[in-house]
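The values are calculated or read from the model by the stated rules, or taken from the named source; none is laboratory data. A quick note: this is a predicted structure, and the numbers were derived from the prediction, not measured. Counting neighbours? That spans all protein chains shown, and the Cβs are built from the backbone with ideal geometry, glycine included.
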Amino acid sequence: MKRRKEAPPALAAWILSKITRGEDRLSIRSDFSEIYEELAAEEGTLKAKRWYWIQVLRSIPMFLLNHFFWSAEMIKNYLKVAFRNIKRNKIFSFINISGLAIGMACCLLLMLFISYELSFDKYHENAKNIYRAAIKHSQSLMGTQMLNVTPGILAPFLREECPEVKTATKIKSWGGMIQYGDKQFDDDRFFFADSEFFEVFTFPLIKGNKKTALKDPYSVLLTQDAAKKYFGDENPLGKVLFVDNKHEYTIKGVIQNVPRNSHFTFDILASMVTLESLKGQKHLSGWNNYKTYLMLQKGADADELLKKMQQIIDRTEMKDKFILQPLTDIHLYGNYVFELEPNGDIRYIYLLSATTFLLMLIACFNFINLSTSRSVYRAKEVGMRKVIGATRAQLIKQLLGESLVISIIAFLISLTLVKLLLPWFRGYMDRELKFMFFTDIQLLLALIALVLIVGLIAGSYPAFFLSRFRPITVFTGILRPGSKRTNLFRNSLVVVQLVITITLITCTYVILGQLRYIHKKDLGFKKTHIITAYIRDPNLQNSVEPFLTELRSHPQIVDITLSNQLPYLIMNANPDTRWEGMEAGTEQQVFEIHVDNNFIDFYDLNVIQGRKFSREFRKDAEEACILNQTAARMTGWDDPLNKRYNEGKVIGVIKDFHFAPLNVKVAPLCLRLNRDPGEWLSIKITSHDIPKSLAVIKHIGEKYSLEYPFVYSFLDERIDRLYRAQQKLGQSLTYFSAILIFVACLGLIGLASYTAEQKTREIGIRKVLGASAGSILSLLWKKYIRWLILASFIAWPLAYYMMQKWLQNNFVYRTKIGIITFIFSAAAAFAITLISVGFQTIKSATANPVDSLRYE
Amino acid sequence: MKFLTRPEELILLAVWRLKDKAYCVPIKKLLVQYTGRDWSFGAVYDPLDRLERKGLLESYLSDPTAKRGGKRKRVYKLTPGGIMSLIEIKTLTDEVWDGIPLKALKEEL
């Protein structure tokens, strides 16, 4: 009978071959097959197959046990060796680990910051469908602007006539003095909102019913903190708050505190219908007083909606357009005019990410360089392992494992660093950052990825480099100092580090210079020794003369003026300006400020044509206008004097001054006399005994402003505060440069130590042959000088290009980038290298050749 | 004299009996036949390895056979050391068992 060749089940046979050791694999397989065939012949294929499978499966546990046991043994050995290596080269390990730890700590802080910034406003249930409406205004001199204001009728229109909109709400910010019993505050964030507010936004109510709370006029809701402030632990429901000493509002509910990661926060919400009785129905249809938010239906067409919304604008003569911005974009991408609160900026995040990435890069470069340069000392170990039978793959695994160990140690250190630095960082960034690495899954994963990537990438080059050693070269002691290729790679790493450092130094220098320039720049009006105060009390506003007279009676007070805004930040604008000879159909927005007769002298403004306001000309109060140069140019008149302007005529022209932050060009400005008394009081004081002047002002101010607190501040401090964001930038950059330079220094020190060790013999021989310490020094230094020069030539154009772009994009008034900048950065880099490398080189150059050649 | 375990002893004997054909499968069959118990592969391979490490057996890969898919078999052979141990065991057993007939043991029961 012809016997068919029975083959054992293929899968089981395959498992078997994977389990067995190479040598005996085939013979064992054949043993198994032989019995299988016999069994198949005697008792049938099924029984045979079953037997085969059982045998294979029974062999698996033992195999696994063995495998893991031996793997564990190997890992124990690798770890032991890794730690020994770290301990043996304490300096290098310290440099490596601290460089990585610093880089990682920055990465971690950055991760916390970014995830917080990205989380803004996302806690609302319908956050994905919420948008805000805003106006795109293209008619102003300052280019296209996004204005965060909308007409009052937009929200009802959206609700009633646009099926794409599920619901819409509008809010209006309001200021005022709020009072309960003897507690009074005027700094609460007070908003009017309509009933649909809670349909769009998710703000849970602790007390009260969110459907009815805002229905009636003079109803009000407080946040938990606000309630505590006014009522302590009492139940505020039903109680009454006094607003502006005039109106009573009943408390209808308490809202959970608004999370800090929102683009606007509030303390008190009042019902929008109150405005009807306060200001009449006309107010509700006021233009550009409200902020409107809407919630889209799923799948709605935004473009269709915009077209419908546009109808509202088209009914007027304005040429603006409506736009919709997603709620979640507001914090990072919305820096519209009239934002409720200052927003973050996506560019800041890009900048932070880029710099952190650079830092990490430098730390990794250090690691690579130091590890490969130490490789000479590990050559014997690698050779031995290869002789005993390690494969290249095993060696690579071992070395990668070592860098992972270092990475993990650095990571643990960075965690402690972050824990320590977090409180400071929180304050510095002005954000509520929490150490949420272990609670947020995404962050945790990012963290693990960071450690792995750093360890693997930084470790890969040394691993591949070291595992390439051949036992013969190692043991016969022919150690080449390094092939051309390896040296090129390592040297280029150092050069890249130097390039990054020099670029960063240059950029920091330029940025700090620009900030100093802004700080010092003459704004065109006097700003020192001036105290400004806002007169809150409306009674005082109306009868301000006694107050001023008493102030003037004191010798410390030099001069006083009243205006409706302060000259460093004029924001009121008239979009509907008309002047004689204006082209029909054009629209121009001109800024306006109302002042008193004294204003121009007080602030030392320069009248270049015509005259100032004067009491001698009685008609000045009604019709006199003074334009700035830009405004005069705008009109296109040859002689602006006595030309008609709005309802008045031009009596003079003053020199331009900066009434807005320096990143905008000076816009056209018109000065008119106060019709109502100005609310902003500017007081010039003598330059000596400032505390006394302040005391006088405080005393008199409080005397006349009985019901409202009298708050005042220095004008130049106010101006500085405008630029706080940029100052923050300058500060952050300086910190960053310092950290980066420190890490780069670490790398240079490490490299210098290594080179010094390598060259001890060579230097000893040279000295014996008669070289002086000086010539040795120059020998060692030549290398570094060469690198510095190369790096400088690469870094300078790079830095120049970047800084030019930055200055052009952000500042109309800017410093020039001069030769001094580049000389400074080169000098700084030189100094840094000197410090890092100097000690080592001097030590080597002055070493006694007897010591270095003792063992030859 | 070093004691061997029973399975080791049995395997040595099996190898001796099987001469050229002393590879895994026949050894296993022989043991099953003698002892009447099931011997797993591990029960055979392990002692074989141990004995080889102790130097009582040596092994070599035979030529490929047509039958088993052309794979080589690992054939075991007694070393002089192995033969010595067998002699020792036999001598010891004979001495200790000297004069004890099977009939006498059965009558005790």
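What are the residues in the range A:66-91 that are surrounded by 11 or more Cβ atoms within 10 Å (Cβ to Cβ) and of a type in the set (A, V, I, L, M), if any?
Matches in the range A:66-91: A:74, A:75, A:79, A:81, A:82, A:86, A:91.
I'm trying to understand the selection: among the residues of the range A:11-52, which are over 28 Å from residue B:60 (Cα atoms) and of a type outside the set (D, E, K, R)?
Residues satisfying the conditions are A:11, A:40, A:41, A:44, A:45, A:46, A:48.
List the helices (runs of 4 or more DSSP H) inside the range A:426-536, counting only whole elements, that have at least 1 residues being of a type in the set (Gly, Ala, Ser).
Helices (runs of 4 or more DSSP H) meeting the threshold: A:441-467, A:484-520.
Yes/no per residue for (1) in contact (Cβ under 8 Å) with a residue 40 or more places away in the chain; (2) surrounded by fewer than 18 Cβ atoms within 10 Å (Cβ to Cβ); (3) assigned to a helix (DSSP H, G or I):
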{"site": "A:332", "(1), (2), (3)": "yes, no, yes"}
{"site": "A:352", "(1), (2), (3)": "yes, no, yes"}
{"site": "A:357", "(1), (2), (3)": "no, yes, yes"}
{"site": "A:365", "(1), (2), (3)": "yes, no, yes"}
{"site": "A:369", "(1), (2), (3)": "yes, no, yes"}
{"site": "A:380", "(1), (2), (3)": "yes, yes, yes"}
{"site": "A:407", "(1), (2), (3)": "yes, no, yes"}
{"site": "A:412", "(1), (2), (3)": "no, yes, yes"}
{"site": "A:419", "(1), (2), (3)": "no, yes, yes"}
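In this structure, does residue A:736 turn out to be crowded, with 17+ Cβ neighbours inside 10 Å and modelled with pLDDT of 80 or more? First the steps, then the outcome.
Numbers: crowded, with 17+ Cβ neighbours inside 10 Å: yes; modelled with pLDDT of 80 or more: yes.
Criteria met by residue A:736.
Mind listing whichever residues of the range A:511-530 are under 26 Å from residue A:734 (Cβ atoms) and not basic (Lys, Arg)?
Correct list: A:511, A:512, A:513, A:514, A:515, A:517, A:518, A:519, A:522, A:523.
What is the number of the single condition among (1) closer than 24 Å to residue A:21 by Cβ; (2) in a loop (DSSP other than H, G, I, E, B) that residue B:3 does not meet?
(1)
Take the residues in the range B:18-36 that are at the interface with chain A (Cβ under 10 Å from one of its Cβ atoms) and of a type in the set (Lys, Arg), then tell me which one is surrounded by the fewest Cβ atoms within 10 Å (Cβ to Cβ).
Top of the filtered list is B:29.
Please state which one of A:613, A:591, A:599 is aromatic (Phe, Trp, Tyr) and farther than 28 Å from residue A:723 by Cα.
Of the residues listed, the single one that is aromatic (Phe, Trp, Tyr) and farther than 28 Å from residue A:723 by Cα is A:613.
Would you say residue A:678 is surrounded by fewer than 16 Cβ atoms within 10 Å (Cβ to Cβ), within 48 Å of the chain's Cα centre (by Cα) and not charged (D, E, K, R)?
When the stated conditions are applied, residue A:678 does not pass them.
Any chance the range A:32-44 includes a residue that's without any contact (Cβ under 8 Å) to a residue 40 or more places away in the chain, at negative phi, facing chain B (nearest Cβ under 8 Å) and among the hydroxyl-bearing types (Ser, Thr, Tyr)?
yes
If you take the residues of the range B:37-66 that are hydrophobic (A, V, I, L, M, F, W, C) and part of a helix (DSSP H, G or I), which of them is nearest to the other protein chains (Cβ to nearest Cβ)?
By that ranking, first place goes to B:41.
Taking residue B:103 and the conditions (1) within 14 Å of chain A (Cβ to nearest Cβ); (2) modelled with pLDDT under 90, which numbered condition does it fall short on, given that it satisfies the others?
Unmet for residue B:103, out of (1) within 14 Å of chain A (Cβ to nearest Cβ); (2) modelled with pLDDT under 90: (1).
Does any residue in the range A:132-149 that is surrounded by fewer than 17 Cβ atoms within 10 Å (Cβ to Cβ) come within less than 6 Å, Cβ to Cβ, of a residue that is modelled with pLDDT under 70 and not in a loop (DSSP other than H, G, I, E, B) six or more places away or on a different chain, and which pairs are these?
Cβ pairs passing all conditions: none.
If residue A:287 passes every condition in (1) modelled with pLDDT under 80; (2) in a helix (DSSP H, G or I) but one, which one does it miss?
Status for residue A:287: all satisfied but (2).
Out of the range A:724-781, which residues are within 21 Å of residue A:369 (Cα to Cα) and hydroxyl-bearing (Ser, Thr, Tyr)?
Across the range A:724-781, the qualifying residues are A:753, A:754, A:755, A:760.
When the range A:49-99 is examined, which residues are found to be small (Gly, Ala, Ser) and within 14 Å of another protein chain (Cβ to nearest Cβ)? Even if it seems obvious, please write down each step before you answer.
Taking the range A:49-99 first, the residues small (Gly, Ala, Ser) are A:59, A:71-72, A:82, A:93, A:98-99.
Once the filter is applied, which keeps residues that are small (Gly, Ala, Ser) and within 14 Å of another protein chain (Cβ to nearest Cβ), the range A:49-99 yields only A:59.
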